[in-house]
Amino acid sequence: SQQGEEDPQALSIQEGENATMNCSYKTSINNLQWYRQNSGRGLVHLILIRSNEREKHSGRLRVTLDTSKKSSSLLITASRAADTASYFCATVISILTGGGNKLTFGTGTQLKVEL
Amino acid sequence: GAVVSQHPSWVICKSGTSVKIECRSLDFQATTMFWYRQFPKQSLMLMATSNEGSKATYEQGVEKDKFLINHASLTLSTLTVTSAHPEDSSFYICSADNRRPFQYFGPGTRLLVL
């Protein structure tokens, strides 16, 4: 299946440190997205990177995409306790006009940021 | 930003009963809504794609007679788990894309079937 693998499965760091999560996928994509999920809640979209982009920034987030290796990484700088959550990558293979684009989620990384 | 709500947020029911979960887009019209299922500490698995006014498209392995999806309006999609059994206990999440390449997710509904 297209489902991505994320690495590590779990990550525990101290506040102020950087957190890096990696995602690998199997087939060519149109874009790759990262979402955050707080425990027992829905997901929140963080950032989208298109297949022709290599790096993107949003606040303390930095995402890279290597289409030759079929992998992406999410870096959270200067982490805070409030960043504690699960992080998922999701891929879109093709864009449909009018919406309805399917997301295929990776396995997720559980991040814990300790004070 | 776009807001998606779900109701109820949690439900406990007896085995054999049917449970309906509502998903609403509160401030936009959602041509397409999606239903996911998530087991504890696992990823989201897409169950079906719901288009307003037409039949839902189910993913392989999802029983359409078991999980009835209705998208009657541009702001409401419902998932009915028919004759629920303990193995149907899970976290169900809906989303909508508001014609963007990413999705807005509801807060989820936790179903426990006894």
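Brief remarks follow.
- Among the residues making up the range A:52-84, those that are of a type outside the set (Asp, Glu) and within 14 Å of A:ASN30 (Cα to Cα) are A:ASN52, A:ARG54, A:LEU65, A:THR67, A:SER68, A:LYS70, A:SER71, A:SER72.
- Counting only residues that are outside any strand (DSSP E or B), more than 23 Å from A:GLU17 (Cα to Cα) and among the basic types (Lys, Arg), the range A:40-92 holds 4 of them.
- Any pair with Cβ under 7 angstrom, 6 or more apart, that starts in the range B:87-100 at a residue that is more than 8 Å from every other protein chain (Cβ to nearest Cβ) and ends at one that is part of a loop (DSSP other than H, G, I, E, B) and surrounded by fewer than 24 Cβ atoms within 10 Å (Cβ to Cβ): B:SER90/B:PHE39; B:TYR92/B:GLY108
- Unique residue being under 17 Å from B:LEU112 (Cβ atoms), surrounded by 12 or more Cβ atoms within 10 Å (Cβ to Cβ) and modelled with pLDDT of 95 or more when the list is B:VAL62, B:VAL81: B:VAL81
- Meets criteria (closer than 22 Å to A:PHE105 by Cβ, of a type in the set (A, V, I, L, M, F, W, C) and touching a Gly at 6+ places or on another chain (Cβ under 8 Å)) for B:PHE67: no
Yes/no matrix, rows are residues, columns are (1) more than 14 Å from the chain's Cα centre (by Cα); (2) of a type in the set (Lys, Arg); (3) away from every other protein chain (no Cβ under 11 Å):
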{"residue": "A:GLU6", "(1), (2), (3)": "no, no, no"}
{"residue": "A:ALA10", "(1), (2), (3)": "no, no, no"}
{"residue": "A:MET21", "(1), (2), (3)": "no, no, yes"}
{"residue": "A:LEU32", "(1), (2), (3)": "no, no, no"}
{"residue": "A:VAL44", "(1), (2), (3)": "no, no, no"}
{"residue": "A:ILE47", "(1), (2), (3)": "no, no, no"}
{"residue": "A:SER51", "(1), (2), (3)": "yes, no, yes"}
{"residue": "A:HIS57", "(1), (2), (3)": "no, no, yes"}
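- Residue in the range A:99-114 that is surrounded by fewer than 16 Cβ atoms within 10 Å (Cβ to Cβ), within 17 Å of B:PRO101 (Cα to Cα) and modelled with pLDDT of 95 or more present: no
- Sole residue being more than 22 Å from B:GLN42 (Cβ to Cβ), under 11 Å from the mean Cα position of the chain (by Cα) and either more than 13 Å from every other protein chain (Cβ to nearest Cβ) or surrounded by fewer than 14 Cβ atoms within 10 Å (Cβ to Cβ) (or both), chosen from A:THR64, A:THR77: A:THR64
- Within this structure, A:GLY16 fails the test of being more than 10 Å from the chain's Cα centre (by Cα), at positive phi and either modelled with pLDDT under 95 or within 14 Å of chain B (Cβ to nearest Cβ) (or both).
- Looking across the range B:11-58, the residues that are touching a Leu at 6+ places or on another chain (Cβ under 6 Å) and closer than 27 Å to A:THR109 by Cβ come down to B:TRP35, B:TYR36, B:GLN38.
- Across the range B:58-89, the number of residues qualifying as under 19 Å from A:ALA90 (Cβ atoms) and not β-branched (Val, Ile, Thr) comes to 2.
The values are calculated or read from the model by the stated rules, or taken from the named source; none is laboratory data. If you're wondering where the values come from, they're calculated on a predicted model, not measured in any experiment. Here the Cβ is made from the backbone with ideal geometry for all residues, glycine too, and neighbour counts use every protein chain on show.
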